[in-house]
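Only one structure is covered here, and it is reproduced in the block below.
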Amino acid sequence: MKKRLNLTIVVIFLALGIHVVKAQRIIGPPSLTSGAQACGTLSNSFDFVAELSPGAALPASNQFILELSDPTGSFANGGEELLRVPGPNEASGGTSNITFMGVTVPQNAGSDDYRLRVTATEGNVTNTISEPIPFHFFDDDNLLIRLNSGDDIIFCNVASFAKEVAVEVTNGDDVLDANDFNWEWLKDGVIIPGENSPTLLITEEGTYQARVPVGLCNNVFRFNKSNRVDASLVSVGDISIVTDAPDFSFCPDELKELRASEIDFSYDYQWLKDDEPLEGEIGPTIILPDNDFGGEYTLQITLSEDCTLLTQSVIVTNEGSSITLPLPEGLILLPTQVLNLVIETDAPIGSVFRFIVDTNIQSQGVTTSQTLTFPAPFIGDYRIEIEADDPCNSFLVTETKVRAATRINIVIAPEEVVDCEQDPITIALAEMAGITADNESVPLTTEQFDFFDFEWFKDGVSTGETSLSLDVSRADSGGSFELRAIFRPEPGGTLDAVSNNLPIDFLSSDIVLDITPPVLEAGESVVLTAPLNVNFTYEWYVIQNGEEVLIEGETTNTLTVTEEGEYFARISTSLCTTDTLTASVGGPQALSELIPNVITPGGNAANNDWVLPNSFRETDVEVTIYSSNGKVDFQKNGGYNGDWPTNSASQANELIYYYIISRSNTVVKKGTITVMR
């Protein structure tokens, strides 16, 4: 009886043990539903699944949590929650799937050794840790990594080389700091140990690339790597200039093609003639023009910024002839004048020439000189033909139209681009032309200037100057200038001429705007005034966020202002443009900050000294005053207390001074001081 009782107890305990085992459910290791790595960006996510073993129901409120280990795969300090789901919690006689959909990769993730597990918030559940799963985050949207600006590295004809390359990172229009990223470098696809800065010194040939290391995700992300740059050390042989012609001697009407003996369109080319670059000739071949093609040609070949070659030069010979000094396109025949038409040619002496007026041959023969002169005593169409006695049998022609003038036009202008501070300004005869009956303008020759007497006038009054140029100094206060020409053979006739009127006004770079009233009251306005001159044009600007903004429609010498700000006028004369000093427009609170720009020394008890607002007495203020020639006239550190001009070097004996006020080594005010006695 006792044995049977013991057996019953054992069976009960075994049954209870079996029940306990069945009651505990096991969660298998989580895995990706697709792929083997979780390579995350801001725009993607991943799905994971884990198996739940059969067993009794779990509490309905139970949730399953997908957890991520630390980068080494350890859960010693717990796991990072990635996502939680509310089931399955029902009883099951078979395995169930716990599915986690739309899991995003943490932005600090960067290891191939992460592991996953699933935990339950309630119930008798054990979990299983996964094998390592790479988790990497890299935000590659709009990211561009460039190496060495995309250029290959080529050194030529040297024994060794060293070249530093750097990573450039941009995101759209923004330039990012490459030092904010981790880097690894590859040579021929193999990681270079120990190189992890954004620069690399290359001393060996090979193909180089930089990338942000993302472990097993390196082949998944598109933009974590730079372009590849090839580094090579080449021994370039003699590249020469060749042609398909028998030699480098050509006739003008022949095809004249030169080319490099070795052609590579990845190189940059530049052709030179007589050591001067030929504009637009940047290919490995060049076709020479029909005329003026003789000379010394070389070809510059740039393989990289570190490798530039220059070929041996070749001499191209023009076996033909040309007219080296042709007739001008048109000529004016003045009354009483006989023109001489002069041309120069390189055609061999003994070549046949013909001199034709309209359609009539005036003379013909063979040349005895390479300078030919023919008379042109009347108007008409003139033509000179030369049958050159050269290997190309060149036929040369030059033509001109000789016309009479109904009047003379004169233009005067400055001899050079004028700066507003320039003194003196030289003006001169810029153009003198005859106007024909059909209103065609034909320049006179300099020899024809001798038929005229010239005289300069200022504001309608003769200056007595009769040369072709005139110096106008600031001391003359400018004025309106013109040049008059009298045709000496027939004074008072239609060929007398008066030039354009050229106003000359001198401007300084320190024009101060008048502000009336000096303070902008609420609801009121102030008027800014620039010097008035009918010859000036005006534009007004306001400074906003450090930028000059044009105030549309304001073109007079005054501007009415209703808002506080910094304003200036841009003044243009017929010769130059300058900006006034900036005027600060402020409200009543700015009254105490106004800087005086005039003093009147001389014992009148008012404005004898240059007095600044109290805020400029502080110890961090420095005041420097310069004379008109740029010398320091006064300087005070540690606060200004009305010390100038009492303590100045010049005792204010000049008309204009310049000041700069700094606070803590930063310029806060600058302008001019006018001394009125």
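Read the figures in this text as sums done on the coordinates, not as results from a lab. These figures come from a predicted structure and were not determined experimentally. All Cβ positions, even for glycine, are placed from backbone atoms using ideal geometry, and neighbour counts span all protein chains on display.
Listing for the model above:
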| read-out | value |
| --- | --- |
| The chain - share of DSSP beta bridges that are antiparallel (%, nearest 5) | 90 |
| Charge tally in the Cβ shell below 13 Å around Pro284, where Lys, Arg are +1 and Asp, Glu are -1, Pro284 excluded | -4 |
| Computed label-point distance, nm, for sites Asn171 and Thr555 using a 7 Å Cα→Cβ extension | 4.8 |
| Amide proton proximity set for Gly330, modelled H, under 5 Å, gap of 5+ | Lys401 |
| Nearest-0.05 FRET efficiency for Ser313 and Val158, computed from C-beta distance (R0 25 Å) | 0.60 |
| Taking the chain and dividing mean pair separation by its residue count, relative contact order in percent (alpha carbons under 8 Å, at least six apart) | 6 |
| Theoretical gain in end-to-end length, Ala404 to Thr446 [0.36 nm per residue, Cα-Cα removed] | 13.4 nm |
| Estimated FRET transfer efficiency (Arg663, Asp609; beta-carbon r; R0 25 Å; 0.05) | 0.75 |
| Additional length obtainable on full extension of the chain from Val411 to Ser462, 0.36 nm per residue less Cα span | 16.6 nm |
| Computed E for Glu276/Asp253 - FRET, C-beta separation, R0 25 angstrom, nearest 0.05 | 0.50 |
| Length added when fully stretched, Thr298-Ile595, from 0.36 nm per residue minus Cα-Cα | 100.5 nm |
| Alpha carbon centroid spacing (whole Å) that separates the range 260-299 from the range 493-561 | 52 |
| For the range 107-123, Karplus couplings with θ = phi - 60° (6.51, -1.76, 1.60), whole Hz, Gly/Pro x | 6, 9, 6, x, 7, 8, 10, 5, 10, 10, 8, 10, 10, 10, 6, 8, x |
| Aspartates and glutamates with Cα under 15 Å of Lys458, excluding same-chain neighbours fewer than 8 positions away | Asp471, Asp476, Glu482, Asp505 |
| Tilt relative to the chain, helix 2-23 - C-alpha long axis, 0 to 90 degrees, to 10 | 10 |
| Local net charge near Glu81, Cβ-Cβ under 14 Å (Lys/Arg +1, Asp/Glu -1) | -1 |
| Net charge of neighbours whose Cβ lies under 12 Å from the Cβ of Glu455, counting Lys and Arg as +1 and Asp and Glu as -1 | -2 |
| Projected label distance in nm at Met101 and Ile129, using a 7 Å step from Cα toward the beta-carbon | 3.1 |
| Other-chain or far-sequence residues with amide H under 5 Å of Asp306's (modelled H) | Ile154 |
| Virtual spin-label span in nm between Glu51 and Ser473, 7 Å along Cα→Cβ | 10.7 |
